[in-house]
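Working notes, structure below.
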Amino acid sequence: METNSSEFNLGETVEVVINQVMILSQEQQVKIIHDSPAEVSSMLLYGDNLRLQQVLSDFLTNALLFTPASEGSPIVFRVTPKKERIGMKMHIVLLEFHITHSAWGIPDDLIQDMFHSSHRVSKEGLGLQMRQNMVKIMNGTRGNTPPAVS
């Protein structure tokens, strides 16, 4: 799997991702709330926009699939940027993506499939595992939080 880096607008990317899952959101009767700082909407980045869209869309799709409409609580999608200056005119931006909801969410066995190879991986677990590998290829990590969509 290769990455294809170019300049892109993070706000536009996030908007595309939310639009990609909007029909499923309506079918599942689960609202998605985008809760990110205003700076995200105009932030220009250099990276693999398409891979980022694939990963975020898949994670949001799985969160929607495992959130019952009867719960009545939305899924909150948050992007938190952290800038580090390197030199006079350049910054490195570390992005934290959070997908949270109050329902039970993705079952633990699927979460384990995402982080541990197994011969008995479900279709959803394999998809999560592939997305986790994409995150690693793009120099991302799952951060310091437990490996779960909560």
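The values are calculated or read from the model by the stated rules, or taken from the named source; none is laboratory data. Predicted, not measured: the structure shown is a model, and the values here were computed from it. Cβ: placed from backbone, ideal geometry, glycine included. Neighbour counts: every protein chain shown. Each accessible area value is taken on the protein alone, full model and side chains, heavy atoms only, with ligands, DNA and RNA left out. Shrake-Rupley method; radii C 1.70, N 1.55, O 1.52, S 1.80 Å.
All conditions in (1) open to solvent by 40 Å² or more (accessible area, probe 1.4 Å); (2) within 16 Å of the chain's Cα centre (by Cα); (3) touching a residue at least 40 places away in the same chain (Cβ under 8 Å) hold for Asp58, with the sole exception of (1).
For the stretch 40-63, a residue qualifies if it is in contact with a helix residue (DSSP H, G or I) (Cβ under 8 Å, 6 or more places away or on another chain) and within 21 Å of Gln29 (Cβ to Cβ), and the qualifying residues are Ser57, Asp58, Phe59, Leu60, Thr61, Asn62.
Which of the residues spanning the stretch 61-77 are assigned to a helix (DSSP H, G or I), open to solvent by 30 Å² or more (accessible area, probe 1.4 Å) and either modelled with pLDDT of 90 or more or not aliphatic (A, V, I, L, M) (or both)? I'd like the intermediate steps shown before the answer.
Keep residues of the stretch 61-77 that are assigned to a helix (DSSP H, G or I), which gives 61-65, 69-71.
Next, only the ones that are open to solvent by 30 Å² or more (accessible area, probe 1.4 Å) stay: 61, 65, 69-71.
Residues satisfying the conditions are Thr61, Ser70, Glu71.
In summary, Val135 fulfils each of the numbered conditions (1) at pLDDT 80 or above; (2) open to solvent by less than 70 Å² (accessible area, probe 1.4 Å); (3) closer than 20 Å to Ser5 by Cα with the single exception of condition (1).
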